[in-house]
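Report on one structure; see the data block that follows.
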Amino acid sequence: MDRQPVSSPAGADGAEELPSDVWEFPFRSGRLCLDFVATLGSRGQLNLERFREPGDLERWLAQAGLGEPGPVSPADLAAAVRLREAIYGLVLLDPGRRRPDAARVVNQMAAPAPLAPELDDAGRGSAWAPGGTVTQALSSVARDAIDLLSGPLIAQVRSCAGPDCTILFIDTSRPGTRRWCSMEACGNQAKSAGLRQQRRQARLASGPASGG
């Protein structure tokens, strides 16, 4: 049975001992809908719920570049979590862990008009047209998920090999063997851990120092 999400830095399961940066939103997936999925961190382990209150969804939308579509209601937050888990279930390679209604949830959330992009006066930059709503922002996320799930890039989705990281990412490496969501984050942590293990093994192999 999956552990319940840790909902706050002072929550259960020793969450008070976690570094504060685990509550920051990661954007290392290379895809909007997968960054959205990553708002629940360390799935099946710590289950770090970063959508704890409506304001968290507001912050994520802004940080994800979806503009500031206005106040988020508790109903909006519940819909976002429902969409997130539906996308996650569809991306998984194990069909047995998919929600039976996952495709329907994504389709329903994608049905409203998405956010509208507009060019700047120079015709080379773009931004979202003002006046967008939370429903439109979530529609944009759902449509990105449909595009990913129904296209060739779904075969390049990987799960980070970091011991506490379950971020899904698009492997764009030429050999298709990328292991980490980010070399600067999980990759360097694994490298450092490997070096520490090598040093410990070297000290054990050399035996205790001789006494005088």
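Within the range 143-165, the set of residues being in a loop (DSSP other than H, G, I, E, B) and surrounded by fewer than 16 Cβ atoms within 10 Å (Cβ to Cβ) comprises 150, 151, 161, 163, 164. The conditions of being out of contact with any strand residue (DSSP E or B) (no Cβ under 7 Å at 6 or more places or on another chain) and over 22 Å from residue 50 (Cβ atoms) are not met by residue 87.
When the range 82-106 is filtered for residues that are among the aliphatic types (A, V, I, L, M), open to solvent by less than 40 Å² (accessible area, probe 1.4 Å) and under 15 Å from residue 43 (Cβ atoms), the ones remaining, listed by number, are 86, 87, 90, 91, 92. Among residues of the range 152-168 that are in contact (Cβ under 8 Å) with a residue 40 or more places away in the chain and within 18 Å of residue 32 (Cβ to Cβ), those with a beta-carbon under 8 Å from a residue that is open to solvent by 30 Å² or more (accessible area, probe 1.4 Å) and in a helix (DSSP H, G or I) at least six positions away or on a different chain give the pairs 168/88. Looking across 51, 27, one residue alone is modelled with pLDDT of 95 or more, part of a loop (DSSP other than H, G, I, E, B) and open to solvent by 40 Å² or more (accessible area, probe 1.4 Å). It is 27. Check the range 189-208 and report whether any residue there is assigned to a helix (DSSP H, G or I), loosely packed, with under 12 Cβ neighbours inside 10 Å and modelled with pLDDT of 85 or more. No - not one qualifying residue is present in the range 189-208. Reported count of residues in the range 57-70, each being surrounded by fewer than 18 Cβ atoms within 10 Å (Cβ to Cβ) and either under 13 Å from the mean Cα position of the chain (by Cα) or at negative phi (or both), is 5.
Somewhere in the range 71-79, is a residue more than 13 Å from residue 134 (Cα to Cα) and surrounded by 15 or more Cβ atoms within 10 Å (Cβ to Cβ)? Among the residues of the range 71-79, not one is more than 13 Å from residue 134 (Cα to Cα) and surrounded by 15 or more Cβ atoms within 10 Å (Cβ to Cβ), which makes the answer no. Reported count of residues in the range 37-47, each being modelled with pLDDT of 95 or more and either more than 14 Å from the chain's Cα centre (by Cα) or farther than 25 Å from residue 101 by Cβ (or both), is 0. On inspection, residue 104 does not qualify as in a helix (DSSP H, G or I), touching a helix residue (DSSP H, G or I) at 6+ places or on another chain (Cβ under 9 Å) and within 21 Å of residue 56 (Cα to Cα).
With the requirement that a residue be in contact with a Leu (Cβ under 9 Å, 6 or more places away or on another chain) and either among the acidic types (Asp, Glu) or under 12 Å from residue 80 (Cβ atoms) (or both), what does the range 116-139 give you? Those that are in contact with a Leu (Cβ under 9 Å, 6 or more places away or on another chain) and either among the acidic types (Asp, Glu) or under 12 Å from residue 80 (Cβ atoms) (or both): 134, 137, 138, 139. When the criteria are applied in full, residue 120 meets the requirement of being more than 17 Å from the chain's Cα centre (by Cα) and either of a type outside the set (Val, Ile, Thr) or open to solvent by less than 40 Å² (accessible area, probe 1.4 Å) (or both).
The values are calculated or read from the model by the stated rules, or taken from the named source; none is laboratory data. Quick caveat, the model's predicted, so the values are computed rather than measured. A quick note on method: Cβ atoms are made from the backbone with ideal geometry, for glycine too, and the neighbour counts reach across all protein chains shown. Just so you know, the surface numbers come from the protein's heavy atoms only, side chains and all, with ligands and any DNA or RNA stripped out. Shrake-Rupley method; radii C 1.70, N 1.55, O 1.52, S 1.80 Å.
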